[in-house]
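One structure is given here, and the rest of the page talks about it.
Where a number appears in this text, it was derived from the coordinates with a stated rule and is not lab data. Bear in mind the structure is a predicted one, so any value in this text is a computation, not a measurement.
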Amino acid sequence: MGHGLLFALLPLYVLRSLEAPPWVYGLLSGAWGMGSAAGALLLGRLLSAGRGLLATVSLFLMGGVLLGLALLPPWPVAVGLAFLFGVGQQFWSLLVTGLTYRELPEELVGRGMGGVAFVSGLLAPLGPLLGGALAGVALPLPFLLAGGLLLALAPWAGRGWR
């Protein structure tokens, strides 16, 4: 949901809140993608810290970034935050995928991944829908609420993960 919210509101955020030129949107999107690539490369090296801890860190990272964006920082800072969001998002995605593969019997992995994709696809429209409605009140509001929700969930993320 945080991914959908950020992706949907990013152009509006750049043009209206940051009052930056349109090319800054490209920088933010590129930084997000580079952060995702960096997250994929880093995760393997950090797995020794424990999957549960990394799941918690990923939600803290994404939640903190959303709260940081709600403060409407200058666009160079927003670019750095987008990079960090990509790292956190990739950590979470890879950890959930790995958990599904590791915990399910081989014959159920396809169904398990289908279930994860189904739930993700079902929830995906909620971020942009709620984000757009809340942005009509005040653009920082959806970032504050989504960031706060991720930070509130972070202590419970990864409990029991091996």
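Brief remarks follow.
- Rounded, prolate or oblate (a/c below 1.5 giving rounded, otherwise prolate when a/b exceeds b/c) for the stretch 1-77 by Cα gyration tensor: prolate
- Estimated purely from DSSP H runs of n ≥ 4, each contributing -39500 (n - 2.57), the mean residue ellipticity at 222 nm for the chain is -25500 deg cm²/dmol once divided by its residues.
- Shape analysis of the stretch 102-162 places it in the oblate category; the axes a ≥ b ≥ c from the Cα gyration tensor give an a/c of at least 1.5, with a/b not above b/c.
- Here the 3J(HN,Hα) profile of the stretch 140-157, calculated from phi with Karplus coefficients 6.51, -1.76 and 1.60 at θ = phi - 60°, is x, 4, x, 5, 5, 5, 5, x, x, 5, 4, 5, 5, 7, 3, x, 9, 5 Hz, Gly and Pro shown as x.
- Label selected from [x] 48; [y] 45; [z] 40, the criterion being percent of Cα pairs over 21 Å apart as computed here: [x]
- Part-to-part distance (alpha-carbon centres) for the stretch 105-138 and the stretch 12-55, which is given in Å: 19
- Across the stretch 48-55, coupling constants 3J(HN,Hα) worked out from phi with the 6.51/-1.76/1.60 Karplus curve, θ = phi - 60°, read 5, 6, x, 5, x, 5, 5, 5 Hz, and Gly and Pro carry x.
- Residues in the stretch 3-17 carry Karplus couplings, in order, of 4, x, 4, 5, 4, 6, 8, 4, x, 5, 4, 5, 6, 9, 7 Hz; the curve used is 6.51 cos²θ - 1.76 cosθ + 1.60 with θ = phi - 60°, and Gly or Pro positions show x.
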